[in-house]
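The values are calculated or read from the model by the stated rules, or taken from the named source; none is laboratory data. Everything numeric in this text was worked out from a predicted model, so none of it was measured. Virtual Cβ from ideal backbone geometry, glycine too; neighbours counted across all protein chains shown.
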């Protein structure tokens, strides 16, 4: 008996330039998911990006930048559903409907909200506070069974699972409780200068963040200056976060495990090791950069691709939203067979 393929959903924000952590932790999973998902649904989550201060013209550019990077990395609109989140109204409607089974306490416990607001929590936008509900709506509107994301999104996925369970308990079995999927290696790529914090274009260091579109010289400089420690051993351990991070990066670039990297560089020292990491990153990103340069100038084609994907996504989400509305008491009373 054949095992049914998963329904996969994930989204990526257009804010900031995409970096190596995005590529390893999320984008590569998207490309791989096209082979497993039925369907595999991916979107540029522009609605999420307005939870912090932003410039509208810049947002439009970033959406196109992100779309081009995803397509350059290997997303194929013929094999997946790829669209812009704000083009499908189901996301915003589901957000409000799901708010009925989401408590203030749930949202107040979200670690990312606390980290992003710090002492200025009272000044944060309601959209930033509400971010996890929109994320839950993104996934639950498609009855997705699998959510490939980076490790930093684990808490948000756990909340969306709880929201689905609560809805089903209160209104009857309607929503699918999705499963989190993390990459086996590289689920959390860290800042090269501050290896105890994740790589980020908004909260990380400029020299510790390798961008997908960085040129070879810049990549080699950033990797070469990566923080390690006073030793020489290339070994993954909690006491060596910088070295562990570089091991993970090279393991992903080569498609091998940590043990193989540790064995190869046993006794070699950090100089040769860092050079190999830089070589690996350059080789990993070069095809994406070349393809991006071809795709990005044709904005009309990028818009066309996302528009076609939005039509497909809306058709998938429509019956789910209709079921949710009916369960919650909206609209006329449908006949029950």
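For residue 200, state whether it is outside the structural domain of residue 68 (by TED's automatic domain parsing), out of contact with any helix residue (DSSP H, G or I) (no Cβ under 7 Å at 6 or more places or on another chain) and on the phi < 0 side of the Ramachandran plot.
yes
Among the candidates 152, 138, single out the residue that is at pLDDT below 85, assigned to a helix (DSSP H, G or I), surrounded by 14 or more Cβ atoms within 10 Å (Cβ to Cβ) and assigned by TED's automatic domain parsing to the domain that holds residue 44.
152
Inside region 74-102, can you point out the residues that are closer than 21 Å to residue 33 by Cβ and crowded, with 20+ Cβ neighbours inside 10 Å?
Result: 75, 80, 81, 82, 83, 84, 85, 88, 90, 91.
Of the conditions (1) surrounded by fewer than 18 Cβ atoms within 10 Å (Cβ to Cβ); (2) more than 24 Å from the chain's Cα centre (by Cα), residue 257 fails just one. Which one is it?
Among (1) surrounded by fewer than 18 Cβ atoms within 10 Å (Cβ to Cβ); (2) more than 24 Å from the chain's Cα centre (by Cα), the lone unmet condition for residue 257 is (2).
Are any of the residues in region 38-53 part of a loop (DSSP other than H, G, I, E, B), under 22 Å from residue 289 (Cβ atoms) and outside the structural domain of residue 251 (by TED's automatic domain parsing)?
The answer is no; no qualifying residue exists.
Evaluate the following for residue 222: is it in a helix (DSSP H, G or I) and either within 24 Å of the chain's Cα centre (by Cα) or under 21 Å from residue 65 (Cβ atoms) (or both)?
Yes; evaluated as a whole, the condition is true for this residue.
The rows are residues; the columns are (1) modelled with pLDDT under 95; (2) part of a helix (DSSP H, G or I).
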site	(1), (2)
114	yes, yes
128	yes, yes
157	yes, yes
170	no, yes
175	no, no
188	yes, no
200	yes, no
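What helices (runs of 4 or more DSSP H) lie completely within region 232-337 and have 3 or more residues being closer than 30 Å to residue 143 by Cα, out of contact with any helix residue (DSSP H, G or I) (no Cβ under 6 Å at 6 or more places or on another chain) and in the same structural domain as residue 88 (by TED's automatic domain parsing)?
In region 232-337, 299-328 are the helices (runs of 4 or more DSSP H) which contain 3 or more residues that are closer than 30 Å to residue 143 by Cα, out of contact with any helix residue (DSSP H, G or I) (no Cβ under 6 Å at 6 or more places or on another chain) and in the same structural domain as residue 88 (by TED's automatic domain parsing).
For region 206-214, state whether one or more residues are closer than 28 Å to residue 14 by Cα, part of a helix (DSSP H, G or I) and in contact (Cβ under 8 Å) with a residue 12 or more places away in the chain.
Looking for residues that are closer than 28 Å to residue 14 by Cα, part of a helix (DSSP H, G or I) and in contact (Cβ under 8 Å) with a residue 12 or more places away in the chain, one finds none in region 206-214, hence no.
List, please: which pairs have Cβ atoms under 7 Å, are six or more places apart or on different chains, and start with a residue in region 233-247 that is without any contact (Cβ under 8 Å) to a residue 12 or more places away in the chain and end with one that is surrounded by fewer than 24 Cβ atoms within 10 Å (Cβ to Cβ)?
If the second residue must be surrounded by fewer than 24 Cβ atoms within 10 Å (Cβ to Cβ), the pairs left are 237/244.
Look at residue 230 and say whether it is without any contact (Cβ under 8 Å) to a residue 24 or more places away in the chain and exposed (fewer than 14 other Cβ atoms within 10 Å of the Cβ).
Criteria met by residue 230.
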